[in-house]
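Colleague: Take a look at this one; I'll ask things after.
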Amino acid sequence: MSWRTETVSSAAMTLEVLPDLGASILNLRAASGRPVLRAVNPTTVQTSSQCASFVLLPYSNRIRDACFAFEGHDVQLQPNTGAGLAQHGDVRNRPWTVTRASDSHLVCTFDSRDHADINWPWAFTAQVEYRLHGPHLDTTVTLTNADTRDMPAGMGLHPYFQRLQDGIDPALAFDAPLTYDTDSRSLTVGGAREVRPQEDYRTPAHIGTRQIDRTFTAWDGIVRLDWAAGGRPPRALVQTADNPYSHLVVFTAPDGSLALEPVSHATDAFNLAAQGVAGVDMRVLSPGQSLAGTARITLEGVW
């Protein structure tokens, strides 16, 4: 399928975005052509899940049985997974409007009221801003309650990073002392606990054959991939995120890429909050109120 592509560039990177598919990132490459996010063939893309990164709004990750209680009312969404869950919000496969496009800066907006079949009972608007400058890509997401009622809210980004560089698997490092246990549907089953040694990346560790699908919290907002090995030129990548992104999801994807997802709340946070579980960071936006945050990807060394 052929998608309209918006391209922005800096001296360090080139970014390709698909406005009509959730304003998702198709590719992010260094100036040399080396993939930063996983390399995507545009002719094979049919959904945002096949892109290099996509936006999660008005919540991230999974909601148990597509249902939760909020302010004394049961909220039933349409399941969008085979396991009967609501997952990853409802903006990532919908068209967004380009409101600014320059050489290094792209802004896209979304209004849920333009979609009669939106899978969310509150009206909201959203904006995603991509800005390239120096060795950085800044992605700023803003979610605004456009309804007349309070609205539960969350957001996230779902970037898939290219793991292997010149055959080297990177060392992964981030400071997050807490994580959650999950069930067979990857749904959180209680409050956060301390990480066990094999889950602790405060000391850099190579992923190797590990299969990871885990949400961490008390995260300091920094995650690093480092490909230093064998006397090769140094190469590393750092992703930082603002305070609203209090959680980090780490997922080793089947295609060999690595998802490092800054998100604003725990998986199934709306249900957990209704049960009185602390620290899951469900936000509630009053009419007209916004939730916003920026995540930055920075290249270090020779790319």
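The values are calculated or read from the model by the stated rules, or taken from the named source; none is laboratory data. Bear in mind that the values here come from a model prediction, so they are computed numbers and not experimental data. Here the Cβ is made from the backbone with ideal geometry for all residues, glycine too, and neighbour counts use every protein chain on show.
Colleague: Name every residue in the stretch 21-36 that is assigned to a strand (DSSP E or B) and within 15 Å of residue 9 (Cα to Cα), in order of residue number.
Modeller: 25, 26, 27, 28, 29, 30, 35
Colleague: Give the residues of the stretch 89-103 that are within 16 Å of the chain's Cα centre (by Cα) and either of a type in the set (Ser, Thr, Tyr) or part of a strand (DSSP E or B) (or both), sorted by residue number. Write out each step before concluding.
Modeller: Residues of the stretch 89-103 within 16 Å of the chain's Cα centre (by Cα): 89-93.
Scanning the stretch 89-103 gives a single hit, 89.
Colleague: I would also like to ask the following. Just give me the residues in the stretch 1-20 being out of contact with any Lys or Arg (no Cβ under 8 Å at 6 or more places or on another chain) and either at positive phi or part of a loop (DSSP other than H, G, I, E, B) (or both), in sequence order.
Modeller: Within the stretch 1-20, 1, 2, 3, 4, 5, 10, 11, 12 qualify.
Colleague: Just a yes or no: is a residue in the stretch 244-251 at pLDDT 95 or above and hydroxyl-bearing (Ser, Thr, Tyr)?
Modeller: Yes - at least one qualifying residue is present in the stretch 244-251.
Colleague: Can I ask one more? Return the only residue of 278, 266, 259 being in a strand (DSSP E or B), touching a residue at least 40 places away in the same chain (Cβ under 8 Å) and small (Gly, Ala, Ser).
Modeller: Within the list 278, 266, 259, the selection yields 259.
Colleague: Turning to a different aspect of this structure: Among residues belonging to the stretch 27-41 that are touching a residue at least 40 places away in the same chain (Cβ under 8 Å) and not small (Gly, Ala, Ser), point out the one that is nearest to residue 137 (Cα to Cα).
Modeller: Filtering the stretch 27-41 for residues that are touching a residue at least 40 places away in the same chain (Cβ under 8 Å) and not small (Gly, Ala, Ser), the one nearest to residue 137 (Cα to Cα) comes out as 28.
Colleague: All but one of (1) part of a loop (DSSP other than H, G, I, E, B); (2) surrounded by 15 or more Cβ atoms within 10 Å (Cβ to Cβ) hold for residue 84, so report the exception by its number.
Modeller: Failed condition: (2).
Colleague: When the stretch 228-280 is examined, which residues are found to be surrounded by fewer than 24 Cβ atoms within 10 Å (Cβ to Cβ), over 18 Å from residue 175 (Cβ atoms) and among the polar types (S, T, N, Q)?
Modeller: Of everything in the stretch 228-280, those that are surrounded by fewer than 24 Cβ atoms within 10 Å (Cβ to Cβ), over 18 Å from residue 175 (Cβ atoms) and among the polar types (S, T, N, Q) turn out to be 252, 257, 271, 275.
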